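Participant: The structure under discussion is supplied below as structure tokens; questions concerning it will follow.
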Amino acid sequence: MNAYEYLFDSPELLKDKPLDAAYILETANKSKLKPLVVRVDNDRGQVIFYFEKPLGREEKSELDLLVKKIFQEWKRWK
């Protein structure tokens, strides 16, 4: 299993509106990315995606963009 970690840049915002692992997994599954599991630690602002095999360059770029979009949306929903 391969993991990819991302950190939310303002974890203090997550006290009022924690990140939702189910929502993030659902959003990722709507793209062509298919993580096995998404783990969220709201205290640290950490999101970890687990995949069966390593992502290729294009898939990793897509994951980066997806996470950036999710984090930006989460900040707007605050």
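Participant: Of R76, R39, R44, how do they rank once you tally other Cβ atoms within 10 Å and put the fewest first?
Facilitator: Details: R76 6, R39 15, R44 11.
By the 10 Å Cβ count, ascending: R76, R44, R39.
Participant: Once the dipole of the chain is set up with Lys and Arg at +1 and Asp and Glu at -1 on Cβ about the Cα centre, which of I70, F8, L19 lies farthest towards its positive end?
Facilitator: I70
Participant: Would you mind ranking E73, E12, E62 so that the residue whose beta carbon has the fewest other beta carbons within 10 Å leads the list?
Facilitator: So the ranking, lowest neighbour count to highest, is E12, E73, E62.
Participant: Using only the Cα atoms of region 2-77, what semi-axes does the equivalent ellipsoid have when each is the square root of 5 times a gyration tensor eigenvalue? Give whole Å, largest first. The partial results should precede the final answer.
Facilitator: Details: eigenvalues 87, 30, 24 Å².
Equivalent ellipsoid semi-axes, largest first: 21, 12, 11 Å.
Participant: Let me ask something additional. How far is it, in nm, from the label point at E58 to the one at K30 when both lie 7 Å from their Cα along the line to the Cβ?
Facilitator: My value for the distance between the label points is 2.2 nm.
Participant: Please arrange D64, D41 by counting, for each residue, the other beta carbons lying within 10 Å of its beta carbon, fewest first. Before the final figure, lay out the partial values.
Facilitator: On the way: D64 13, D41 17.
If I rank by nearby Cβ atoms, fewest first, I get D64, D41.
Values in this text are rule-based calculations from the coordinates and carry no lab data. Bear in mind that the values here come from a model prediction, so they are computed numbers and not experimental data. All Cβ positions, even for glycine, are placed from backbone atoms using ideal geometry, and neighbour counts span all protein chains on display.
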